[in-house]
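Notes follow once the structure below has been shown.
The values are calculated or read from the model by the stated rules, or taken from the named source; none is laboratory data. Keep in mind the model is a prediction, meaning the values are calculated, not measured. Backbone-built Cβ (ideal geometry, glycine too); neighbour counts: all protein chains shown.
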Amino acid sequence: MSTLKAVRGTRDLLPPETALWNRIEATARDVFARYNFGEIRTPVFEETALFARSVGEETDIVSKEMYTWEDRARAQSEKTQSLTLRPENTASVVRAAIEHNLFESGQLQKLYYIGPQFRRERPQKGRYRQFSQIGAEVIGPPSSGSESPLRDAEILEMLATLLDELGITGWTLELNSVGSAADRERYNQALRAALVPVVSQMCADCQRRAQTNPLRVLDCKIPADQPIIEKLPVIADSLDEASQAHFAAVTTALDAAGVPYKLNHRLVRGLDYYTRTTFEFTHGGLPPHGASSAGTPVLGAQNALLGGGRYDGLSEMLGGPRAPGIGFAMGEDRLVLTLLAQESAMPQMADAFIAPLGEILNAAALVLARELRHQGLWIELGEGSFRLKKSFETADKIARHIVILGEDELKSGILTVKNFSTGIQTKVPRSELAVFLSTPASE
Ligand code: HAM
């Protein structure tokens, strides 16, 4: 019988890597709390219409990548519904905020989420069909100050802080403004006009996009199309005065806070709900054409660690009141890949491995492990039938120290401890063991 495997594009996460996932999530929760965000948990599946209306019918996500099914009615009171595994979480957060009348309080809503998302993309390094996002949204009625450029700058400054606290070095913040709906309409017209004489020389996807959604032409990665795209009009020239002033205020605040950024006028993002500020934090670049694999960045072609932006009209698109907002989502899988490539992020080892010398000492070893674990230490417990050599080999792989527990040690209360990084063996009184094992100076 053939064995069953995880479905293509999905993965099992195993220890020790899961320790890194937990550390990332704990750091994110800690930073979000300091910026006064609360957690929201929305269902993993929603009505298909939610994503069609918000992310947009013409986007790759909705037109090709969603896991959608007809959910059959099981009783007369139920109706058959089209349901979809969420491909992103912003639409669900805004749906939930409307459903629970969160905007009626007049307060700014600051909500974060951590959880799986689903997109039927072509799997590759850093791109999966089930992946996890850590995201946050700031939304509220205009009277709550939700439209202020200060909110944009605060979110971006929080992200710089979060990436720094996670230990991710070498990130780049790419920033753009896609303007208001009216600005984008003007820009679409300018793009359509500029594309007419050149589109026949472009790739098939661009020819289709030029008809359906000309903005998407700017996402094209086909090398031959790049010189044509570089000559197309830029969106900055289509922004009205209010959009220009908003964007200028965002960059002024970022300059004041010392958050570095790079303007990228092609950053239009792959979801239709965006207005004004859009951004991505990238890590590493695409390797230059023909570069050796030694120069390949950790994330390969999937170099966006996170993306986000403003969505001032989203609440109304979903039948809610006017509630401008801004938010982001980080690809947790990509954070893990990036950190795993940085040595400092290697998973921690146990503080000590306790090796009882003989099965008769197993119970005493359990008592010693219990004592140390109650003092907050991370302990692995060996088995007395192991030969000492085997205990040393096992311990060396998983712990910083080995503690030998024989009859003599038990009676005298003086234990033999070996530190694997220094190779030094020391006699330590049982009462001082916890301090000894947890002090870096013992290394
Ligand atoms: P997005 O750019 O589609 O935006 O996704 C955000 C991040 O999720 C990406 O930068 C990437 O790190 C990660 N990601 C996306 N697809 C995959 C995949 N197939 N495998 C692994 N990681 C992936 C959004 O989802 C918006 N909801 C962000 C947002 C929140 N905008 C405003 N608020």
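Quick notes
- Screening LEU195 against (1) closer than 30 Å to ILE139 by Cβ; (2) of a type in the set (A, V, I, L, M, F, W, C); (3) crowded, with 19+ Cβ neighbours inside 10 Å leaves a single unmet condition, (1).
- Contact map, the range 74-96: first residue in the same structural domain as PRO321 (by TED's automatic domain parsing) and of a type in the set (Ser, Thr, Tyr), second residue assigned to a loop (DSSP other than H, G, I, E, B) and more than 9 Å from the ligand (Cβ to nearest atom), Cβ cut-off under 9 Å, separation 6 or more or different chains; pairs are THR80/ARG72; THR80/ALA73; THR84/MET66; THR84/TYR67; SER92/ILE40; SER92/THR42; SER92/PRO43; SER92/ARG86.
- Members of the range 131-181 that are modelled with pLDDT under 95 and assigned to a helix (DSSP H, G or I): ALA181
- The residue that is nearest to the chain's Cα centre (by Cα), among those in the range 105-124 that are near the ligand (Cβ under 10 Å from one of its atoms) and either among the aliphatic types (A, V, I, L, M) or not in a strand (DSSP E or B) (or both), is ARG119.
- Of the strands (runs of 3 or more DSSP E) lying entirely inside the range 1-96, those carrying at least 3 residues that are over 23 Å from LYS110 (Cβ atoms) are 68-71, 81-85.
- Qualifying residue in the range 32-42 (condition: surrounded by 11 or more Cβ atoms within 10 Å (Cβ to Cβ), within 29 Å of CYS220 (Cβ to Cβ) and in contact with a Ser or Thr (Cβ under 7 Å, 6 or more places away or on another chain)): no
- Elements of type helices (runs of 4 or more DSSP H) contained in the range 334-443, each with 1 or more residues being without any contact (Cβ under 8 Å) to a residue 12 or more places away in the chain and more than 39 Å from the chain's Cα centre (by Cα): 362-374, 388-398, 407-412
- Residue within the range 59-68 that is touching a helix residue (DSSP H, G or I) at 6+ places or on another chain (Cβ under 6 Å), more than 9 Å from the ligand (Cβ to nearest atom), closer than 26 Å to ASN213 by Cβ and of a type in the set (Val, Ile, Thr) present: yes
- Screening GLU165 on (1) out of contact with any helix residue (DSSP H, G or I) (no Cβ under 6 Å at 6 or more places or on another chain); (2) surrounded by fewer than 18 Cβ atoms within 10 Å (Cβ to Cβ); (3) acidic (Asp, Glu) shows it passes everything except condition (1).
- When we screen THR422, THR416, THR439 for residues that are over 13 Å from ALA350 (Cα atoms), among the polar types (S, T, N, Q) and surrounded by 14 or more Cβ atoms within 10 Å (Cβ to Cβ), the only hit is THR416.
- Condition check for ALA6: among the hydrophobic types (A, V, I, L, M, F, W, C) and farther than 25 Å from ALA136 by Cβ: yes
- Those residues of the range 198-234 which are β-branched (Val, Ile, Thr), under 26 Å from VAL55 (Cα atoms) and more than 28 Å from the chain's Cα centre (by Cα), in sequence order: VAL199, THR212, ILE229, VAL234
- Residue that is at pLDDT 95 or above, buried (at least 17 other Cβ atoms within 10 Å of the Cβ) and of a type in the set (Asp, Glu), where the choices are GLU371, GLU380: GLU380
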